[in-house]
Amino acid sequence: MPTRFDQFGAKPAVLRCARCGRFVDWEEAQVQVICSCKPHVELPPVLVREATDADRAAARELFARDFGRTKIVAYGEVMDIDQMPALVAVRYADPSGALAYRLHGDALHIVALATDPMWQRSGVGGHLVAEAELIARRLNLRRLVVSTTNDNLPALYFYQRRGYRMTDFVPSSIIMHTGQEVAGFAGIPVRDEVRLEKTLAEES
C-alpha cells in the first residue's frame, strides 16, 4: 500500500561527484570543503525561457528525478508542479534544468528547482533563479520565497549565496505530511521545513 510519503515526498535525488563524475544517491552524498579554484572548461551559453508544451515532458522528468513526484508540500499546501508555470534552461537541444513557480500573496514562490546531474555546478540553477527574479520585477513583486527541508544543505547553500535569508523554521512539518522520517542528504533525517526569502532592491 503506498504511504503518504510515496505520494508526496521526495526520493533521494541523483547528484554528480565533482571529483570523479560518478552519480551518487542523495543519502550517499557528502559535504566537502573546497576553495574557489575551478578548472577552466568552455561551456555553451545557457538559454532560459518559459516552458512550452514541447518542454513539459523534459521538465517533468527533471522534477521527477529530483523529487520523485510532481506533487510538492510547502507552506502548508500540496501543490502539483506539473500544473504550474515553469522555466527551462537549455544548453544544447534539451532542457538541462527547470524551475516551477507560482504567485504566493505578494511574492513569487519558487516551488521547485531541478538540474540535470550532468550540468550541476555549471550555472544552470543560477540562471533559472535569476530569470525568476526578473519575472518578479516585471510583476512588480518585491519578494521571492522558497521552501526546502532541513537536510537539504546544497539548497540552503545555493539560495543563501544568492541573497536569500532564512525566515521561518517549521519543526516536524515533513513528518506531519509524510507520516514517517526518512534519511535525506548525507543521511540526515528529513524532518523540518526551512523557508527562505529574498527582498528585491528598488531599481533607481
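Is it the case that some residue within region 159-173 is of a type in the set (S, T, N, Q), closer than 16 Å to His109 by Cα and in contact with an Asp or Glu (Cβ under 8 Å, 6 or more places away or on another chain)?
Just the residues of region 159-173 that are of a type in the set (S, T, N, Q), to begin with: 160, 167, 172-173.
Those still in the list that are closer than 16 Å to His109 by Cα too: 160, 167.
Among the residues that remain, those that are also in contact with an Asp or Glu (Cβ under 8 Å, 6 or more places away or on another chain) are: 167.
Checked region 159-173: at least one residue is of a type in the set (S, T, N, Q), closer than 16 Å to His109 by Cα and in contact with an Asp or Glu (Cβ under 8 Å, 6 or more places away or on another chain).
What number of residues within region 157-178 are surrounded by 14 or more Cβ atoms within 10 Å (Cβ to Cβ) and of a type outside the set (Phe, Trp, Tyr)? Show your work before the answer.
First pass over region 157-178, keeping only residues surrounded by 14 or more Cβ atoms within 10 Å (Cβ to Cβ): 158-159, 162-164, 170, 173-178.
Next, from what is left, pick out any that are of a type outside the set (Phe, Trp, Tyr): 162-163, 170, 173-178.
Going through region 157-178 one residue at a time, the tally reaches 9.
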* Asked: If you go through region 126-146, how many residues are outside any helix (DSSP H, G or I) and either within 12 Å of the chain's Cα centre (by Cα) or touching a residue at least 24 places away in the same chain (Cβ under 8 Å) (or both)?
  -> 7
* **Residues located in region 130-144, provided they are under 15 Å from Arg161 (Cα atoms) and surrounded by fewer than 22 Cβ atoms within 10 Å (Cβ to Cβ)** => Ala130, Glu133
* Run Glu181 past the list (1) exposed (fewer than 15 other Cβ atoms within 10 Å of the Cβ); (2) of a type outside the set (A, V, I, L, M, F, W, C); (3) in contact (Cβ under 8 Å) with a residue 40 or more places away in the chain and report the number of the one that doesn't hold. => (3)
* Filter region 147-170 down to residues that are out of contact with any Phe, Trp or Tyr (no Cβ under 8 Å at 6 or more places or on another chain), part of a strand (DSSP E or B) and not hydrophobic (A, V, I, L, M, F, W, C), then give me how many there are. => 4
* So which pairs qualify, if the first residue must be in region 94-120 and in contact (Cβ under 8 Å) with a residue 60 or more places away in the chain, the second must be part of a strand (DSSP E or B) and among the basic types (Lys, Arg), the Cβ gap must be under 8 Å, and the two must be at least 6 apart or on different chains? -> Ala107/Arg143; Pro117/Arg16; Met118/Arg16; Gln120/Arg16
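All of the numbers you see were taken from the coordinates with simple rules; none came from a lab. Because the structure is predicted, anything quoted here is derived from the model rather than measured. Glycine also receives a Cβ, built like all others from the backbone with ideal geometry; neighbour counts cover every protein chain displayed.
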